[in-house]
Amino acid sequence: MARVMTITLNPALDLAFDLEELALGAVNRSRHAQLEAAGKGVNVARVLASLGHDVVVSGFLGRDNDGPFQLAFQHMGVTDAFVRVPGETRINAKLAEKSGRVTDINGPGIGVDAAQITALLSTIEQQLNNASVDAILVAGSLPPGLSLAAFSEFLTHLKATGVPLWVDTSGEALLHAIEIAPEAVKPNEVELADWAGEALDNHAKRVSATTHLHQAGVGQALLSAGAEGVIWVNASGAWQSTPPHVQAANTVGAGDTFVAGMLHGLFSQHSSEETLRFATALSAESVRHVGVGNAHANDFALLLQRTQVQRLPACSTEGTS
Ligand SMILES: Nc1ncnc2c1ncn2[C@@H]1O[C@H](COP(=O)(O)OP(=O)(O)O)[C@@H](O)[C@H]1O
Ligand SMILES: O=P(O)(O)OC[C@H]1O[C@](O)(COP(=O)(O)O)[C@@H](O)[C@@H]1O
């Protein structure tokens, strides 16, 4: 089993509403609502811990409402290395309709300053000194006050520790992350389109953009495209996966589940095919309900069986730079 540190710079309490159909400008009454400690690194930690890995969670947490996070961390059995900052962690609303459509409303988050960023770096360093870590994942958006230059510096510092650095972020932060060539990056097709300079609306474009991402220095280039599946390019080749058909109830957390599934496979020395199949099936499992994927679901073996994984021919990844 691996020891992984996940860093969520801008965590959130996810408030998930289950609606028949969203009516804009009207009072909507939810059939079910759920508040859960979340944010990308927290979700990844939840999955990894459920798979038996040793996880340290870090980042910034609002001091005034960290109760649900403390409870969640206890329940998950992870080490809490979050730096507390004054204020409240944001609440992100997730409006899931019966059709499977989800509307996300993500708050800006709590502002952080240079002293808090320094405090986070020293907390991380302490954790790394306490016990060796197999991978560091930095996931999610940037909180107000953390400039892109400071983010690049932060990532550069983490990369210099020599621990494989995984990054899952979006927008300008993603472009800056790619610049420092981390071990792995997992954008979705909308997020990578900004970097690729075109819409990644077909398979060929997705393969080409993921190949370029790998050629730009990203060891494990992973592109997810919802129900269309995943493209993965690394030094050993390229693969694609297609998830099984599932009834999508809530897609929030699918990307995080996928990232956790990949870390699990790679650190369990599973084959590339096996790793991608597992991560894809687990992320498909997650969209059937609120929250992250559950590898202990009764029919998980069937989901694995119905997940298609295929090695892409070498010509797909050559000569595209
Ligand atoms: N509707 C769906 N049906 C089956 N699997 C899905 C569906 N949506 C997402 N997934 C799975 O979750 C993975 C991540 O979802 P995606 O939407 O691409 O990421 P993100 O949540 O980061 O935007 C996909 O690659 C796929 O394996
Ligand atoms: O930091 P961001 O980009 O605002 O994203 C935070 C949101 O992403 C999530 O981690 C879900 O991410 P995915 O759907 O990509 O797995 C939510 O829990 C959280 O509200």
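The values are calculated or read from the model by the stated rules, or taken from the named source; none is laboratory data. Keep in mind it's a predicted model, so treat the numbers as computed, not measured. Cβ placement follows ideal geometry from the backbone for every residue including glycine, while neighbour counts extend to all protein chains displayed. Calculation scope for accessible area: heavy atoms of the full protein, side chains included, ligands and nucleic acids excluded. Shrake-Rupley method; radii C 1.70, N 1.55, O 1.52, S 1.80 Å.
Convert each backbone phi in region 154-171 into a coupling constant with the Karplus relation 6.51 cos²θ - 1.76 cosθ + 1.60 (shift: θ = phi - 60°), then list the ³J(HN,Hα) values in order as whole Hz, x for Gly and Pro.
Couplings: 4, 5, 4, 4, 5, 4, 5, 5, x, 7, x, 9, 9, 9, 10, 9, 9, x Hz.
Can you pull the percent of region 1-99's accessible area that's carbon plus sulfur, 1.4 Å probe, other chains left in place?
Roughly 50 percent, rounded to a whole number.
Would you mind telling me the share, in percent, of accessible area of region 178-263 contributed by carbon and sulfur at probe 1.4 angstrom?
The value for region 178-263 is 49 percent carbon and sulfur by accessible area.
Taking H placed 1.01 Å from N in the peptide plane, check which residues at least 5 places from Asn294 or on another chain put their amide H under 5 Å from its amide H.
Answer set, sorted by chain and number: Ser286.
Starting from the Cα of Gln310, move 7 Å in the Cα-to-Cβ direction to define the label point; list residues of region 173-204 whose amide nitrogen is under 16 Å from there.
Residues passing the 16 Å test: 202-204.
Just Ala93, Ala249, Ala150 to compare: in a GNM of the chain, with alpha carbon springs under 10 Å, which one fluctuates most?
Most flexible of the set in this elastic network: Ala150.
How would Met76, Met5 line up by accessible area, probe 1.4 Å, largest first?
Result of the area sort, largest leading: Met76, Met5.
Using a 7 Å offset from the Cα along the Cα-to-Cβ direction at both Asn65 and Asp194, what is the distance between the two label points in nm, to one decimal?
With each label point 7 Å from Cα toward Cβ, the separation is 2.5 nm.
So if each residue of separation counts as 0.36 nm, and I subtract the Cα-Cα distance between Leu22 and Ser147, what length gain in nm does that give? Can you show the working numbers first?
On the way: separation 125, 0.36 × 125 = 45.00 nm, distance 3.50 nm.
Gain on stretching Leu22 to Ser147: 41.5 nm.
Along Cα→Cβ, 7 Å out, is where each label goes; now give me the distance between the ones at Asn129 and Lys205 in nm to one decimal.
Spacing of the two 7 Å Cα→Cβ label points: 5.0 nm.
For Lys40, what accessible area in Å² do you get when you roll a 1.4 Å probe over the heavy atoms of the protein chains, rounding to the nearest 10?
80
Please find the FRET efficiency linking Arg84 to Ala249, where r is the Cβ-Cβ separation and R0 is fixed at 35 Å, and quote it to the nearest 0.05.
Efficiency, rounded to the nearest 0.05: 0.55.
State in Å² the accessible area per residue of the chain; use a 1.4 Å probe, count heavy atoms of protein chains only, and round to the nearest integer.
Working: 13790 Å² over 321 residues.
Spelled out: the 1.4 Å probe surface of the chain, per residue, equals 43 Å².
Compute the length gained on full extension between Thr118 and His270: take 0.36 nm times their separation in residues and subtract their Cα-Cα distance, giving the result in nm to one decimal.
51.0 nm is the gain from fully extending Thr118 to His270.
Any chance you could run the full-extension gain for Ser30 through Lys98? It's 0.36 nm times the residue separation minus the Cα-Cα distance, nm to one decimal. Don't jump to the answer; show the numbers that get you there.
Numbers: separation 68, 0.36 × 68 = 24.48 nm, distance 1.11 nm.
Gain in length upon complete extension: 23.4 nm.
Can you sort Thr257, Thr79 by 1.4 Å-probe accessible area, starting with the largest?
Listed by decreasing accessible area, they come as Thr79, Thr257.
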